[in-house]
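The values are calculated or read from the model by the stated rules, or taken from the named source; none is laboratory data. Note that the structure is predicted; figures quoted are calculated from it, not measured. Note that we place each Cβ from the backbone using ideal geometry, even for glycine, and neighbour counts take in every protein chain shown.
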Ligand SMILES: Cc1cc2nc3c(=O)[nH]c(=O)nc-3n(C[C@H](O)[C@H](O)[C@H](O)COP(=O)(O)O)c2cc1C
């Protein structure tokens with residue numbers, strides 16, 4: 001099974017977890033990169049309002065993969081505008097599997113997972129698993145057990 005992890009990260013926590021997951025799964029990892037000037041304040045407001053933000057093309061197309069993992073932080077109890085843009089651009093996805101990896105300070109993961117599931121299931125994709133890591137766990141490098149369980153669900 002070919003697995004692609006698409007990751008948006010502003011401060012690096014989500015990327016740290018996504019990189020560790022890619023290593024466990026032997027998966028490819030791509031960054032969702034904002035285009036143009038960005039700030040967490042305007043990004044946070046856009047997230048709150050459910051708006052999208054411009055991104056660069058992020059490389060591998062999902063047509064080359066069987067399973068897509070979306071790795072994203074929670075912003076304003078919602079999805080960062082760049083993750084939302086990536087999800088809205090997804091094509092070649094019907095019938096493919098997906099999983100969701102959420103990184104956050106402390107609250108909002110359940111809502112964000114539900115929003116992402118709705119967007120991807122609307123594209124005909126099949127949900128497999130989700131996991132949540134906390135900023136403090138990543139700072140303390142204490143997320144391996146969670147990540148191993150998540151990786152096992154993805155591979156089962
Ligand atoms: C604009 C903005 C809004 C945020 N909103 C939330 C939130 O609603 N809930 C939460 O738990 N954390 C929130 N956070 C914290 C991030 O989810 C947390 O710092 C995460 O570790 C950031 O991941 P990153 O280092 O990959 O950017 C917010 C951070 C930013 C910059």
Checklist outcome for this item: Out of (1) within 15 Å of the ligand (Cβ to nearest atom); (2) surrounded by 20 or more Cβ atoms within 10 Å (Cβ to Cβ); (3) over 20 Å from residue 135 (Cβ atoms), the one residue 98 does not meet is (1)
Checklist outcome for this item: With criteria (1) surrounded by fewer than 15 Cβ atoms within 10 Å (Cβ to Cβ); (2) over 19 Å from residue 146 (Cβ atoms), residue 23 comes up short on (2)
Item to check | residue 84, sole failed condition from (1) surrounded by fewer than 21 Cβ atoms within 10 Å (Cβ to Cβ); (2) free of Cβ contacts under 8 Å to residues at least 40 places away in the same chain | outcome: (1)
Checklist outcome for this item: Taking segment 15-62 and keeping only residues that are assigned to a loop (DSSP other than H, G, I, E, B) and either within 16 Å of the ligand (Cβ to nearest atom) or closer than 22 Å to residue 112 by Cα (or both), one is left with 32, 33, 37, 38, 39, 49, 50, 51, 52, 53, 54, 58
Next on the checklist: For segment 120-142, check the following and say yes or no: at least one residue is modelled with pLDDT of 95 or more, within 16 Å of the chain's Cα centre (by Cα), surrounded by 20 or more Cβ atoms within 10 Å (Cβ to Cβ) and in a helix (DSSP H, G or I).
Outcome noted: yes
Checklist entry - Being at pLDDT 95 or above and in a helix (DSSP H, G or I), is that true of even one residue in segment 65-82? => result yes
Item to check | Odd one out for residue 65 among (1) at negative phi; (2) within 15 Å of the ligand (Cβ to nearest atom) | outcome: (2)
